[in-house]
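Everything on this sheet refers to the single structure shown next.
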Amino acid sequence: MTSPEPQSPAPQPPEPESKDRVYRSVPAIAGGVLLLAIAAWLGIDALTSGGGRTPWMALAVLVLVVPLVVAFTLRPAVYAGEDRLRIRNPFRVIVLPWGRIASLKSAYSNEVLTESGAKYQLWAVPVSLRARKKAARREMRATAQARREMGRDMGRDAGRGSALGMRAGLGGGLGGGLGAGPVSDGPVRAETDRIMDELRGLHEARHRAATAQGEVTVRWAYEVVGPAVAGALLVLILLVVG
């Protein structure tokens, strides 16, 4: 009698890969699309109806302007993963393992500081002083409203405690008033400051992980630099030739 063949274990389903959090500037994207539309409108008009050197100059200007508009508006993005922070700036792509990041600084611009002292700006997360002032005003209004509501609740509870007498107890009345007050969800923050808080929290949680170590890599975006330089040379040649 033959013994049954051992069954191979069932294959385990692959673990789902964690997706990076992507941060981009919506106003910059909207402005970039608008600028590209205007450049296309003016450039096509000059190419089709211009005379002499005008079509060539329009073509050279388009080759110069379009990559720069894309680089400063549509291209910037920040990708935050479990092990690294990838920054796509106008002309460079910087990959920073969390273990190599010393801090994330937010003042007049949002920046990442590495342990070696290098500094990289987050173009996709621009600082808006107007948004900060607006958030501060909202925070002040929310705090004042919470204090007014807490005062009214304490006044009502104090009156209820006096009407009920000593049976309810003065301490219980005041305690109920404090517990019934509004619970704050935290300070009101500007959008970019909230994003920086999320990045700091992810850095704090992952900077000691074994998979979050490695070297910092910086790559130039030649797909943007090349066309822009070519367009600038064409414009210069056309101006010199006259």
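Condition check: surrounded by fewer than 19 Cβ atoms within 10 Å (Cβ to Cβ) and farther than 21 Å from residue 235 by Cα. Does residue 103 satisfy that?
Numbers: surrounded by fewer than 19 Cβ atoms within 10 Å (Cβ to Cβ): yes; farther than 21 Å from residue 235 by Cα: yes.
Yes: the conditions hold for residue 103.
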**OP:** Determine whether region 64-83 contains at least one residue that is part of a strand (DSSP E or B) and open to solvent by 30 Å² or more (accessible area, probe 1.4 Å).
**Re:** yes
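If I filter region 42-53 for residues that are in a loop (DSSP other than H, G, I, E, B), open to solvent by 100 Å² or more (accessible area, probe 1.4 Å) and either modelled with pLDDT under 90 or in contact with a helix residue (DSSP H, G or I) (Cβ under 9 Å, 6 or more places away or on another chain) (or both), do I get at least one hit? So that I can check it myself, show each step before the final result.
Narrowing region 42-53 to residues in a loop (DSSP other than H, G, I, E, B): 50-53.
Retained after the next criterion (residues that are open to solvent by 100 Å² or more (accessible area, probe 1.4 Å)): 53.
Imposing the further condition that a residue be either modelled with pLDDT under 90 or in contact with a helix residue (DSSP H, G or I) (Cβ under 9 Å, 6 or more places away or on another chain) (or both) reduces the set to 53.
Checked against the condition, which is being in a loop (DSSP other than H, G, I, E, B), open to solvent by 100 Å² or more (accessible area, probe 1.4 Å) and either modelled with pLDDT under 90 or in contact with a helix residue (DSSP H, G or I) (Cβ under 9 Å, 6 or more places away or on another chain) (or both), region 42-53 yields at least one hit.
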Original post:
Is it the case that region 190-207 has a residue that's of a type in the set (Ser, Thr, Tyr) and touching a helix residue (DSSP H, G or I) at 6+ places or on another chain (Cβ under 9 Å)?
Top reply: yes
**OP:** Would you check which residues across region 68-105 are among the charged types (D, E, K, R) and closer than 17 Å to residue 218 by Cα and list them?
**Re:** 75, 83, 84, 86, 88, 92, 100
Original post:
Restricted to region 176-234, and to residues that are modelled with pLDDT of 90 or more and part of a loop (DSSP other than H, G, I, E, B), which residue is most open to solvent (accessible area, probe 1.4 Å)?
Top reply: 208
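The values are calculated or read from the model by the stated rules, or taken from the named source; none is laboratory data. Predicted model only: the values in this text are computed from it and were never measured. Positions of Cβ are backbone-derived with ideal geometry, glycine not excepted, and every protein chain shown enters the neighbour counts. Accessible surface areas use protein heavy atoms only, side chains included; no ligands, DNA or RNA. Shrake-Rupley method; radii C 1.70, N 1.55, O 1.52, S 1.80 Å.
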